[in-house]
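Each remark here refers to the structure printed beneath this line.
The values are calculated or read from the model by the stated rules, or taken from the named source; none is laboratory data. Fair warning: this is a prediction, and the values are worked out from it, not measured in the lab. Here Cβ is always computed from backbone atoms with ideal geometry, including for glycine, and neighbour counts include all displayed protein chains.
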Ligand code: NAX
């Protein structure tokens, strides 16, 4: 039997983790024959949640898959010890009356500490996915504090935005999301991102055609479509009074599975990665680019797209 993969999820007692654990334990990300050790990190006051919750976290995982061992802890150095994958979900959400700079200050502290702990105790091959907001900035902070780990091992989540963009197109054309491919998210996981359909295709039954050709409405594609994707996160919070959890968990799984196993031939996906200067952007910032991923977890920025 394969060695267990050591996977750490931070914010392990939060609402995204609650939706995420099911899919990871079921094998949707690393395969159903892959044994896992899940290390759930949260803050000390949340340890009681792990202990008491009978249908959540540990209880749920054990019920689903005997190949999963669970460790819950409030110590990043235990949670990150020899890990293969870190999914950094835990962060302080913006509260009423808090300004963005207050949130940045509080979360930067978390990601400085976690970057340092990763640097010290994680495997040097660890693959890091930052989800906690502001995701691009937190990813850059963690990466800069982990100089012994290659910068290419740090990514942030913009797959939720990509999935939302594909869903908008699929719904407009009355088709399934899987038929829509190669929609790109450029930039930040925020309302300044640019969802780009100009290289995207859709298959409505007669082979792939360009999205612009299929939709036949440039006003919508250049206007409401872009705004809807950019503001979807805020719309969900307004409706649920909570941020998206199930769709975020699905996007985390999609991102990690593609990073682990590679992208299908001819397909591109979007991830926030440390810029190498491609497309004229400053080196070192974390920016969402279109990528292809090989079978060895190595991603490449797709070059020379009209932009
Ligand atoms: P919750 O508030 O339900 O859960 C967050 C958990 O993190 C809590 O259990 C909290 O105790 C824990 N936590 C806080 N500080 C910690 C620390 N130092 N170490 C470990 N754990 C810590 O939030 P949830 O809805 O799960 O969202 C988590 C984060 O994801 C938020 O920052 C949210 O803004 C962000 N999101 C990012 C998305 C993306 O696409 N990049 C989409 C979904 C989500 O909005």
(message) For a quick check of your reading of the model, give me the residue pairs whose first member lies in the range 14-26 and is under 13 Å from residue 49 (Cα atoms), whose second is modelled with pLDDT under 95 and away from the ligand (no atom under 14 Å from the Cβ), with beta-carbon atoms closer than 9 Å and at least 6 apart or on different chains.
(response) 18/60
(message) Of everything in the range 212-232, what is touching a strand residue (DSSP E or B) at 6+ places or on another chain (Cβ under 8 Å) and either within 10 Å of the ligand (Cβ to nearest atom) or more than 22 Å from residue 16 (Cα to Cα) (or both)? Give them in sequence order.
(response) 214, 225, 226
(request) Give the number of residues within the range 193-204 that are surrounded by fewer than 23 Cβ atoms within 10 Å (Cβ to Cβ) and more than 20 Å from residue 227 (Cα to Cα). (result) 3
(message) With the requirement that a residue be closer than 27 Å to residue 151 by Cβ and free of Cβ contacts under 8 Å to residues at least 12 places away in the same chain, what does the range 234-264 give you?
(response) 264
(message) For the range 138-154, give me each residue that is away from the ligand (no atom under 11 Å from the Cβ), touching a strand residue (DSSP E or B) at 6+ places or on another chain (Cβ under 8 Å) and under 17 Å from residue 111 (Cβ atoms).
(response) 140, 142, 143, 146, 149, 151, 153, 154
(message) Here are the criteria: (1) under 20 Å from residue 264 (Cβ atoms); (2) more than 16 Å from the ligand (Cβ to nearest atom). Tell me which single one residue 183 does not satisfy.
(response) (2)
(request) For the range 1-28, name all the residues that are out of contact with any helix residue (DSSP H, G or I) (no Cβ under 7 Å at 6 or more places or on another chain), part of a loop (DSSP other than H, G, I, E, B) and more than 9 Å from the ligand (Cβ to nearest atom). (result) 1, 2, 3, 4, 27
(request) Quick one: residue 190 ticks every box in (1) part of a helix (DSSP H, G or I); (2) under 14 Å from the mean Cα position of the chain (by Cα); (3) surrounded by fewer than 19 Cβ atoms within 10 Å (Cβ to Cβ) except a single one, so which number is it? (result) (1)
(request) Taking the residues in the range 233-252 that are part of a helix (DSSP H, G or I) and surrounded by 21 or more Cβ atoms within 10 Å (Cβ to Cβ) as candidates, determine which candidate is nearest to the ligand (Cβ to nearest atom). (result) 248
(message) Every residue in the range 29-48 that is within 16 Å of the ligand (Cβ to nearest atom) and assigned to a strand (DSSP E or B), please.
(response) 38, 39, 40, 41
